[in-house]
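Below is one structure, written out as structure tokens; comments come after it.
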Amino acid sequence: MTPTFSGTSGLFHLPSAYTVAKGKTAFSLYRMNLDRMPKDLDATTIGLNIGYGISDKLEIFGTFGLQRNDVDKLTEPGYVNDFPRAGRQSDSPGWQTGASDAIIGAKFKILDDYRDDGVGLAIIPTIKLPTASFDDGLGTGKVSFGADLVLSKQMNNKAELHGMVGYKTNGDPEGFNLGNMFRWGAGLKVPVY
């Protein structure tokens, strides 16, 4: 199994319905770069993610790292939901570096098509812990909660198709009204060998 950015098994930011086997661990070191508007924000995180199989139907996971935000358009109005104070510091307003927010979660596998169910199906609740500095513009300073429903289908052990829908609620830091998020995604995993 390959860990996603959050640490659960899947593809990049898209989880799969499959879990890490009982007693096994999946981890990776990563570098993620996001470019967001307004303010031409460039957010880079270098971190570690890890997933562990509690049972064949339950996986726990998490991620944490070092983050660097670069804001190029300091006077542009507005803010990015995940970094509302980015570029608003009086000292070094363009660049800020520090700890990222931590994300932890669990994946509950309901169905598994590798075990004769028609499809793979899982529910994934997550919590974002406010470990990044709100004052430095590296996070919201508030807890966020999310949940995803993931559907996966293996195709004769040669490829996997994944799709997900989910929702994330964001805590509002003082002076900001952050939007909540509807999430969705689809992906195809094909081994190359």
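Here are some notes:
- If the condition is being assigned to a loop (DSSP other than H, G, I, E, B) and without any contact (Cβ under 8 Å) to a residue 40 or more places away in the chain, then the range 38-54 contributes only Asp40.
- Selection within the range 143-157 - of a type in the set (A, V, I, L, M, F, W, C) and in a loop (DSSP other than H, G, I, E, B): Val143
- Which listed residue, of Ala122, Ala147, is among the small types (Gly, Ala, Ser), under 18 Å from Gly62 (Cβ atoms) and in contact with a Pro (Cβ under 6 Å, 6 or more places away or on another chain): Ala147
- Looking only at the range 165-193, and only at residues there that are of a type in the set (A, V, I, L, M) and open to solvent by 20 Å² or more (accessible area, probe 1.4 Å), the one that is farthest from Tyr79 (Cα to Cα): Val192
- The set of residues in the range 1-30 being part of a loop (DSSP other than H, G, I, E, B) and either charged (D, E, K, R) or open to solvent by 20 Å² or more (accessible area, probe 1.4 Å) (or both) consists of Met1, Thr2, Phe5, Ser6, Phe12, His13, Ala21, Gly23, Lys24.
- Flag for Asn33 being without any contact (Cβ under 8 Å) to a residue 24 or more places away in the chain, part of a strand (DSSP E or B), within 24 Å of Ala132 (Cα to Cα) and within 14 Å of the chain's Cα centre (by Cα): yes
- Residues located in the range 166-193, provided they are of a type outside the set (Gly, Ala, Ser) and farther than 22 Å from Val143 by Cβ: Trp184, Leu188, Lys189, Val190, Pro191, Val192, Tyr193
- Test set (1) under 23 Å from Phe27 (Cβ atoms); (2) assigned to a loop (DSSP other than H, G, I, E, B); (3) modelled with pLDDT of 95 or more - His162 fails condition number: (2)
The values are calculated or read from the model by the stated rules, or taken from the named source; none is laboratory data. These figures come from a predicted structure and were not determined experimentally. Positions of Cβ are generated from backbone atoms using ideal geometry, with glycine treated the same way; all protein chains shown enter the neighbour counts. Remember, those area values only see protein heavy atoms, side chains included, never the ligands or the DNA or RNA. Shrake-Rupley method; radii C 1.70, N 1.55, O 1.52, S 1.80 Å.
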